[in-house]
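What follows is calculated from the coordinates using simple rules that are stated; it is not laboratory data. All figures in this text were calculated on a predicted structure; none of them were measured in a lab. Cβ sites come from the backbone with ideal geometry, for glycine too, and all protein chains shown count toward neighbours.
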Amino acid sequence: MEKSAEKEIYEKLGPVFQDILFVDNPVLTPQTTARDIPGWDSLNNIRLMVAIEKAFGIRFQTSEVMGLANLGALVSLIAAKVGRS
């Protein structure tokens with residue numbers, strides 16, 4: 001994935017995380033996991049995925065998101081879905 005496409009995805013994810021998790025300026029890196037951000041629990045994970053689908057105009061399969069290890073994996077999945085990989 002191109003660095004510019006990756007950066008664009010992270011920039012678009014920031015407001016989604018702020019809106020769903022009520023966290024100001026979340027630090028989003030490829031290594032970020034749910035344990036790193038307060039309020040990112042299983043219920044909010046569902047809300048995040050729905051909001052991300054809307055923000056990017058994509059749809060996830062449950063099996064695709066269940067095994068994501070970190071935010072980097074999610075960004076790669078988003079890139080593949082929007083045709084930027």
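Comparing segment 3-81 with the 2.2 N^0.38 Å rule of thumb, its C-alpha radius of gyration ratio is 0.98 (two decimals).
Computed from the alpha carbon atoms alone, the convex hull of segment 21-63 holds 99 Å³ per residue. Once a ≥ b ≥ c are taken as the square roots of the eigenvalues of the Cα gyration tensor of segment 39-82, is the result rounded (a/c under 1.5), prolate (a/b larger than b/c) or oblate (a/b not larger than b/c)? Cα axes put segment 39-82 in the oblate bin.
Got the relative contact order for the chain handy, in percent, Cα pairs under 8 Å and 6 or more residues apart? Could the numbers behind the result be given before it?
Numbers: 74 pairs, mean separation 34.3, N = 85.
Normalised by residue count, the contact order of the chain is 40 percent.
Over the chain, DSSP H runs of length four or greater, each weighted -39,500 (n - 2.57), average out per residue to a 222 nm ellipticity of -18500 deg cm²/dmol. For the pair segment 26-77 and segment 1-17, the centres of their Cα atoms are 13 angstrom apart. In a fully extended conformation the segment linking Lys7 and Glu64 would gain 18.4 nm over its present Cα-Cα distance, using 0.36 nm per residue.
Based on the mean of other beta carbon atoms within 10 Å per residue, what is the order of 18-26, 74-82, most packed first? Write down the numbers at each step before the final one.
Details: 18-26: 13.6, 74-82: 18.3.
By packing density, highest mean first, the sequence is 74-82, 18-26.
Each label was represented as a point 7 Å from its Cα along the Cα-to-Cβ direction; for Asp41 and Ala80 these points are 3.0 nm apart.
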